[in-house]
Structures are given as structure tokens and as C-alpha cells.
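The values are calculated or read from the model by the stated rules, or taken from the named source; none is laboratory data. All values reported here derive from a predicted model rather than from experimental measurement. Neighbour counts are summed over all protein chains in view; Cβ atoms, including those assigned to glycine, are modelled from backbone coordinates with ideal geometry.
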Amino acid sequence: MQPKTTLISHPFDMIVFGGRGDLARRKLIPALYHLDRERRLPDDGRIIAVSRGAMANDAFVKMMHDDCMTYSTNGSDVQFDEVSWGRFAQRLTYLGLDATDAKSYDGLAQLLKGREDVVRAFYLATAPDLFGPIAANLKALDLVTQPSRLVLEKPLGKDLASAHEINAAVAKAFAEPQTYRIDHYLGKETVQNLMVLRFANALFEPLWNRTHIDHVQISVAETVGVGGRWKYYNESGALRDMIQNHLLQLVCLTAMEPPSTLDADMIRDEKLKVLRALQPIYAADVAQATVRGQYRAGAIDGKAVPGYLEESDAEPQSNTETFVAIKIGIDNWRWAGVPFYVRTGKRLPARSSEIVVQFKTPPHSPYPASAGTIHPNKLVMRLQPDEGIRLIMLNKGRGPGELKLHQTALDLSFAETFGGRSPDAYERLLLDVIRGRPALFMRLDELEAAWRWTDGILQGWADTALAAKPYAAGSWGPNAAISLIERDGRTWHEDDI
Ligand code: BG6
């Protein structure tokens, strides 16, 4: 059966810099293929991959064909199909180009000529030090048209100063409304659903504040290590790689005030207010409020895996963190006194991302101690895998004997409820770029506010020489991450109900 379609009517040229790189091969081209397969792209839409070095177009198309077969099914039962591939392949062109050399842009300029009124999306899937030079070359060659957009991949800097520098450089060629900063977490179905859950239901919002919520936990756990990209990762670490962007965005969507419309700036204004209300964490606080960890050898799914310092390319003295846990405070009326505990790490026992909102226990219990503990209600939003929502509550166990309270869960699985394939985050984001919908992209002031807060921690770590504590691969991080929450009389959520 043909999938239901919403064909968009915006002719476009998408120019992917880094067109033979890992991101393009694993994510961008497969996402575009899927959009086309589901007939969501207009007929007049071209994809021009540019990268350093020559390659025959046929060879490039073949490489993409194989990549799409490998990466496009996103864990679902949707199969690659040659008929739709044949149509999609017509859109692809490969161009060898040295991004730093304006003279090598001739071929690109030729290809784009005569299509000045068509949406032109320059997608920079390259190292960030190329963002400024590419933007400058595009402008110098007059390739930045009115309907042009610039899409920037992370990392957008390594601190506020470098982020500022990159953004100032691209701003010389592209206006802010033309600049689309990707945080792929914002394209995930469940992340978008977080707003629907909060703002399209009357049930939760009245309880969504310090009067009823005890605390919030956000965990993004990965089983993978950093093998293969050690050098890049070692410069970054988990704080810059995951917290500064993905986890802070999840904090924002959980904590923000309801926007009055879905207008991109309305949403981003509300997120910005959260970022600006984050309690700063400086040198005096880092030992109490943050935990850094680094994985050692261990086992994942029963298979032995090396430690961070034993991965290929590793430098044995590295103190870079592969795990972070932070207790975050938000200084506003809604959240005063409600901690947000966030944690993320590589080589943890399971790949799972979830947001847990834990409510306060009832102020008084009429039940005798023998009925059991009054456990708090929890709303668990599972972002991946098994996307869904669980509401954990107490119920009476069956039977006429002594009354016993049982923890039970209302469980909504999106796969069962909606069926079909859960699209990859990049499908939504690429479509939004073509349509000109910036709501799911980070505005400059958001990015800078996130860096300002992150810089405080980075500086605090540097000033106090806070070491990354070792943890065994396959464990939930260093013991200090458990203490971080347990010394407040709370525990990390375990899905054991
Ligand atoms: C990327 C990070 O932004 O997100 C990676 O650079 C990380 O280190 C990845 O593995 C996680 O994304 P996802 O969608 O697999 O949760």
C-alpha cells in the first residue's frame, strides 16, 4: 500500500557540504530518500552533494543506494524499494569542491544558475571551522539568494566565545531568519509530542509546577562508546556533546511556559526564558552539583568492550568525560525548589532516553502501614527506544484480604497505538528547512544562553581540576552519580513495574 502523502509544493535545491561524510551517508540522504519514497518531496527538488575530491556521479549514486539500503529503514519493517530509489536517484548530483577555495565553486554556480527563485538550502555537514569560509564564499559568488537558507550542524562552537565567532562569521552572509541551527533531538517524534502532551491536554498542566511536582529526571543513555571518533570526542566530552544542546532542549520543553501560538519565535522565546533562568553552576558548586565520569573496560550485552583510554587513537592521559550527571535548578516561580536531575553517558547498560516527572506524595494517607508504601506518581516519557508514555500510580491489589497498595502503570506504546514507521528526526527537520519552518531550530540567543550556562560548569571544572571518575562499561556511571540524587532522598527511576 502506498503511504499517505502530503506533497509539498516548494521546488528546492539542497546543497549538502560534507556530502560524502558520515552524517550525509547515515542520516541526511537516507532521510531525503524516505521523504521521497513517501511522496513528500516536490518533483522539482534537487540534491547536490559537494565534498572535497572528485567522484563520478554514478559511483556516488551507487554509494548512496547502498547507504540507503543500510540506513533507511530506521528499525522498522519498511523495506528499501528500487522503484522509489530509481526516482530519487534522479535528484542526486555529486560535485567535487574545495570549500575554502572560491575558485572551485564554479561547477556549483553553473548548476544553480537560473534557479534564483527556488528554495536554496545550503546544509553544512562539515567541521565548524568551515562554516565561516563557506558562507563567505557563497556570498562572494552571489549564490545567496533571497529564498536561501543555511543549515548548521553541531558542534556550534566549544564555548560561548567560539560559538559567537562562528555565528558572527555566517551572519555576514545569511540573516538570522535564514539560519537553521540543527539540534536533531527537536526533530524526534516523542520530543515534539512532549509539547502536545503538555499543551493539548487539560490533565497535566494544572499539576505541572512546584506545588505538585517533586522533581524531574532526564536520562539519555547510550551503549555505544566513542570508538572511531575518539579525537573529535576527546575535544568535546559529554557536557558539550550532549548536555549543552540535546538535554538542555529537553529541559526547556519540559519546563517552558505554554506559548500562545506555535509561531517559531513564540516557542523559542519561551525556551529562552528557561535557559536564562537556569541557576548558574560555578567552581564553588561543581563538586556538589555535577559528576564527571569516564568509562573503563567492561561488558555490554555480555560482550567485553575496551575502556575509553584503550580505544583506537586514544591518548592515555585524557580526562575527558564520557558521562555527566548534573542537578539543575530553575529560578522562576513555576520551578523554584524543584530539581531537574540530568544524566547522559556512553557505554551504559541500555540505549534509552526518558524524561521522568515525579509528583509529590499525597499530603495525608488514610491507609495503614501494612497496606504498603505510598509511592509517588510518575509520568515517564520514553523518547527511545519503544517510544511511549507511562503513568505510574497506586492501585489496590485484588482480593478480599488485607488491603495492599500496588504500583501499576498505564502504558501507551506509540508503535502499538499509531502503527507504521517512526520517522527519523532528520526527515522532519529537512522537510521543515524546505518549507521554511524554523520552530524546531535553535535561535542564536538560545544557543548563546545555553553556552553561557555551560561555560560556567566548564570553567568550574577547570578551576577545581575536577577529575572524571571511572565507571565500568555496562554500569550506570560512577557511584557519585547515584549519590548526587540519593543525598537528596531520591533515586534514579528504574523501570521495574
Ligand atoms: C549526537 C552526539 O549529537 O547525538 C553523539 O554527537 C550521540 O555522540 C548522538 O551519540 C545521540 O543521538 P541519538 O539520536 O542516537 O540519541
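Observations, loosely collected:
- All told, residue 169 falls short of being free of Cβ contacts under 8 Å to residues at least 24 places away in the same chain, closer than 30 Å to residue 320 by Cβ and of a type outside the set (Ser, Thr, Tyr).
- Of the candidates 39, 26, 115, the single residue that is in a loop (DSSP other than H, G, I, E, B) and free of Cβ contacts under 8 Å to residues at least 60 places away in the same chain is 39.
- Qualifying residue in segment 167-183 (condition: closer than 30 Å to residue 335 by Cα and not in a strand (DSSP E or B)): yes
- Residues in segment 187-240 that are near the ligand (Cβ under 10 Å from one of its atoms) and loosely packed, with under 14 Cβ neighbours inside 10 Å: 224, 229, 232.
- Checked against (1) of a type outside the set (Ser, Thr, Tyr); (2) within 30 Å of residue 467 (Cα to Cα); (3) more than 21 Å from the chain's Cα centre (by Cα); (4) at pLDDT 95 or above, residue 323 meets all criteria but (3).
- Picking from residues in segment 148-166 that are without any contact (Cβ under 8 Å) to a residue 40 or more places away in the chain and more than 16 Å from the ligand (Cβ to nearest atom), the one that is surrounded by the fewest Cβ atoms within 10 Å (Cβ to Cβ) is 161.
- The test for being buried (at least 22 other Cβ atoms within 10 Å of the Cβ) and either out of contact with any strand residue (DSSP E or B) (no Cβ under 9 Å at 6 or more places or on another chain) or aromatic (Phe, Trp, Tyr) (or both) holds for residue 308.
- The C-beta contact set for segment 361-388 (first residue over 25 Å from residue 412 (Cβ atoms), second residue in a strand (DSSP E or B), distance under 6 angstrom, 6+ apart or interchain) comprises 371/405; 372/405.
- Restricted to helices (runs of 4 or more DSSP H) entirely inside segment 241-330, those with at least 3 residues that are within 16 Å of the ligand (Cβ to nearest atom) are 248-255.
- From the list 446, 354, the lone residue that is assigned to a helix (DSSP H, G or I) and either without any contact (Cβ under 8 Å) to a residue 40 or more places away in the chain or over 25 Å from residue 40 (Cβ atoms) (or both) is 446.
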